[in-house]
Amino acid sequence: MLERKWKLFAVVGFVGLLVYAGYALFSQGNIVQPYVSFEEAKKMTGTVRVAVFIDQKTRTYDHETGALEFMAKDHEGTVCKVRLNPNFVPPAGFEQTPAAVVIGRYRNGVFEADRMFLKCPSKYEGMKETAGKVEKR
């Protein structure tokens, strides 16, 4: 009797997992966001993720909106201005990190990021950037 209950529980759990996976992959809510370049983001209408290298020297705050703005370079070497949603506080360590993932959409020549995740700075120690590519030293 107890074994039968566990089998039923396992089947229900597996079916639930399949339903969630199908929803995540095929929903219009864009639960699974792809990593794209800035050029690809220009062509897309939904929310996307772009892995970027941050130019910390260009970091400014828009005094009208309170949004953090900076220039960033994607993995293809394309440079674009990124504007972080003023309601989102940048993660701790933002000033020290060379790389991040910005999540948002491209509008009017600016990538408007709703969220941002930082990459671990130690991962990029000993690397140099040349002609838009990152190489080990």
Q) Using 1/(1 + (r/R0)^6) with R0 = 35 angstrom and r between the beta carbons of Arg115 and Lys5, what's the FRET efficiency to the nearest 0.05? A) 0.25
Q | Computed FRET value (nearest 0.05) for Asn87 with Tyr35, which takes r as the C-beta separation and R₀ as 30 Å | A | 0.80
Q: On the full set of protein chains, 1.4 Å probe, figure out the accessible area of Met71 and give it in Å² to the nearest 10.
A: 60
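May I ask you to derive the FRET efficiency for Val79 and Ala21 from their Cβ-Cβ distance with R0 = 30 Å, giving the value to the nearest 0.05?
Computed FRET efficiency for Val79 and Ala21 comes out at 0.25.
The values are calculated or read from the model by the stated rules, or taken from the named source; none is laboratory data. Treat the numbers as computed from the prediction; the structure is a model and nothing was measured. Counting neighbours? That spans all protein chains shown, and the Cβs are built from the backbone with ideal geometry, glycine included. The protein model used for the area step is the full one, side chains on, heavy atoms only, and it has no ligands, DNA or RNA in it. Shrake-Rupley method; radii C 1.70, N 1.55, O 1.52, S 1.80 Å.
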